[in-house]
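Reading through the structure tokens given below for one structure.
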Amino acid sequence: MDADTILADITQMLGQVIGEDYLLEVDVTMDTAFSGDLELESIEFVALAGLMKEHYGAAVDFVGFLAGKDLHEIIALRVGQVVDHIRLCLEAVGSRG
Amino acid sequence: MADVVANGVRFHVQQLTPPQGRSAETPAVVFIHGLVMDNLSSFYYTLANPCAAAGADVMLYDLRGHGLSERPPLGYALEDSVDDLVGLLFELGIDGPVHIVGNSYGGTVGLAFAMAYPSRIASLVLVEGHFAVQGWGEEMARTLWGIAFGMELEEARTWVASAGRKMTRMAGKADALINHTSLVEDLLTAIPLPREPLATLACPVLAIYGDESDVIDRARDLASLVPDFTLNILEGCGHSILMEVPDHLQAVLAWWFAGRNGPAPVYQPPARDLVAAHPLAELVAG
């Protein structure tokens with residue numbers, strides 16, 4: 001799955017969490033920061049991560065991804081970092097089988 | 001599963017499974033957050049994911065009226081919080097003993113659950129947990145009134161409005177909870193936890209408190225009552241240790257869940273001038 005497709009998926013899930021109307025005012029790119037640019041509340045980021053977990057299943061390890069980051073790093077996360085993590089996880093699964 | 005209905009209320013729940021999968025020995029750990037300005041994200045961002053990554057089956061939920069859970073007008077007494085936990089465990093099919101990690105009021109819920117359902121708790125970790133003694137409810141209610149009063153001030157309203165979407169939403173939720181539910185009234189009529197049963201509490205209790213915390217006396221009180229009680233005091237820290245020193249808390253939890261082998265990790269305070277205010281610290285009031 002390429003980065004553009006994953007970015008589109010995440011943008012759609014963001015709409016579910018914070019509302020499509022709010023997203024109309026923001027262009028979500030790989031460089032968009034969840035907290036700084038989208039003003040996502042911390043609980044909304046959790047909800048987004050929950051949707052991503054449901055969407056991509058066990059192939060994408062969100063627990064390991066977030067466990068390896070400290071509080072400041074999670075708050076500063078950009079959309080592209082999550083897209084890249086998902087893409088690498090899916091590629092690893094694809095190459096295994 | 002994000003939404004779970006228990007006791008007629010819709011709760012926001014997050015379950016984190018260990019990446020290596022579950023086994024019969026996988027411990028179940030439930031995280032319970034504090035009051036009003038808090039929600040499950042404070043544990044999600046700090047201890048929950050590392051705990052799951054280390055091999056635990058983790059459950060977090062937003063208390064009623066908090067985070068993304070439903071906000072009914074009634075049902076905010078400590079007994080209601082315990083009933084909600086029991087209801088959620090039932091709905092999720094978690095019937096074995098669980099480890100509970102509670103921050104502030106979440107610790108009070110864990111303590112009350114341990115006393116009411118001793119066979120259903122494997123261990124209890126209090127992170128700056130309140131102990132519901134005489135006057136506790138009034139004290140908590142006074143704190144919440146302070147927040148509500150502060151938000152009514154013109155300067156506060158102007159500041160919140162200028163601080164953007166995130167702050168406006170958080171202030172709105174706190175206002176709704178304090179002024180439009182029975183939370184404050186329920187706190188004012190709170191019944192203190194009985195002291196005698198604490199002396200027969202069978203589960204191990206780990207208590208982590210800052211030595212500058214306003215509830216440190218509660219920890220010392222509990223230490224004199226609970227038989228298997230481990231007190232971990234952090235020098236130079238206040239009530240918001242979850243946000244101030246999450247790395248230390250991670251280390252202590254890892255030691256606790258690995259069977260308490262060897263001495264507990266000791267907190268090494270940084271030099272005073274290196275301590276920076278944490279961006280989330282001021283949000284965790286209860």
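The values are calculated or read from the model by the stated rules, or taken from the named source; none is laboratory data. Note that the structure is a prediction, hence the values are computed from the model and not measured. As a convention, Cβ positions derive from the backbone with ideal geometry for all residues, glycine included, and neighbour counts pool all protein chains shown. Areas reflect the complete protein model, heavy atoms only, side chains present, ligands, DNA and RNA absent. Shrake-Rupley method; radii C 1.70, N 1.55, O 1.52, S 1.80 Å.
Which value, in Å², gives the accessible area per residue of the range A:3-96 when a 1.4 Å probe is used on the protein heavy atoms? Spell out each step's value before the answer.
Working: 4230 Å² over 94 residues.
Heavy-atom SASA per residue in the range A:3-96 reads 45 Å².
Zone of residue B:148 (label point 7 Å along Cα→Cβ, backbone N under 12 Å): which residues in the range B:44-80?
Once the point is set 7 Å along Cα→Cβ of residue B:148, nothing inside the range B:44-80 turns out to lie under 12 Å by backbone N.
Short version: which residues of the range B:41-64 lose at least 30 Å² of accessible area, all chains versus chain alone, 1.4 Å probe?
For the range B:41-64, once contacts with the other chains are taken into account, B:41, B:44, B:45, B:49 lose 30 Å² or more.
Classify the range A:56-97 as rounded, prolate or oblate from the Cα gyration tensor: take a ≥ b ≥ c as the square roots of its eigenvalues, call it rounded if a/c is under 1.5, otherwise prolate when a/b beats b/c and oblate if not.
Since a/c reaches 1.5 and a/b is larger than b/c, the shape of the range A:56-97 is classed as prolate.
Once ligands and nucleic acids are excluded and a 1.4 Å probe is used, how much of residue A:32 is accessible, expressed in Å² to the nearest 10?
Using a 1.4 Å probe on the heavy atoms, I get roughly 10 Å².
Compute the Rg to Rh ratio over the protein assembly as shown from the alpha carbon atoms, using the Kirkwood formula for Rh, and round to two decimal places. Working shown, then result.
Numbers: Rg = 20.6 Å, Rh = 21.6 Å.
Rg/Rh: 0.95.
Taking H placed 1.01 Å from N in the peptide plane, check which residues at least 5 places from residue B:232 or on another chain put their amide H under 5 Å from its amide H.
Long-range HN contacts for residue B:232: B:207, B:208, B:209.
For chain B, build the charge dipole from Cβ charges (+1 Lys, Arg; -1 Asp, Glu) around the Cα centre, then report which of B:115, B:254, B:81 sits farthest towards its positive end.
Checked the options; the winner is B:254.
Out of the DSSP beta bridges found with both residues in the protein assembly as shown, what percent are antiparallel (nearest 5)?
25 percent
Which lysines does residue A:53 reach when only Cα atoms under 20 Å apart count, and residues fewer than 8 places away in its own chain are ignored?
By straight Cα distance, residue A:53 reaches A:69.
For labels at residue A:5 and residue A:81 in the simple 7 Å Cα→Cβ model, what's the distance in nm?
Reported label-point gap for residue A:5 and residue A:81 is 2.6 nm.
Output needed for the range A:3-96: three equivalent-ellipsoid semi-axes, defined as square roots of 5 times the C-alpha gyration tensor eigenvalues, in descending order, whole Å.
21, 15, 12
Tell me what chain A gives for mean residue ellipticity at 222 nm when only DSSP H runs of n ≥ 4 count, each as -39,500 (n - 2.57), the sum divided by the residue total, rounded to 500 deg cm²/dmol.
That calculation yields -20000 deg cm²/dmol at 222 nm.
In Å², nearest 100, what accessible area do chains B and A bury in total when the solvent probe is 1.4 Å? Numbers along the way, then the final one.
Values: alone 13110 and 5760 Å², together 16520 Å².
Counting protein atoms only, the buried area is about 2300 Å².
Roughly speaking, what is the centre-to-centre gap between the range B:51-97 and the range A:18-97 when only Cα atoms are used, to the nearest Å?
Taking the Cα centre of each part, the range B:51-97 and the range A:18-97 sit 25 Å apart.
Using Cα pairs under 8 angstrom and six or more residues apart, how large is the relative contact order of chain B, in percent?
Over chain B, the number comes to 19 percent.
What are the DSSP H helices in chain A that stretch 24 Å or more along their long axis, judged by alpha-carbon atoms, and whose average Kyte-Doolittle hydropathy comes to at least -1.0?
On the way: long enough: A:79-96 (26 Å, 0.49).
Once both thresholds are applied, what remains is A:79-96.
Starting from the Cα gyration tensor of chain B, take the square roots of the eigenvalues, sort them a ≥ b ≥ c, and report rounded, prolate or oblate (rounded when a/c is under 1.5, otherwise prolate if a/b is larger than b/c, else oblate).
Here chain B falls in the rounded category.
Need one number: nm distance between label points at residue A:12 and residue B:117, each 7 Å from Cα along Cα→Cβ, rounded to one decimal.
Inter-label distance under the simple model: 3.8 nm.
Over the range A:3-96, what percent of the accessible surface lies on carbon and sulfur atoms, probe 1.4 Å?
So the carbon and sulfur contribution to the accessible surface is 50 percent.
Once you mark the trypsin sites (Lys or Arg not before Pro) that are in a DSSP loop and have at most 14 other Cβ atoms within 10 Å, what is the longest gap between them in chain B?
The segment B:23-194 is the longest one with no such site.
Run the helix sum for chain B: -39,500 (n - 2.57) per DSSP H stretch of 4+ residues, divided by residue count, reported at 222 nm to the nearest 500 deg cm²/dmol.
-11000 deg cm²/dmol
Any chance you could look up the accessible area of residue A:66 with a 1.4 Å probe, heavy atoms only, rounded to 10 Å²?
Rounded to the nearest 10, the figure is 10 Å².
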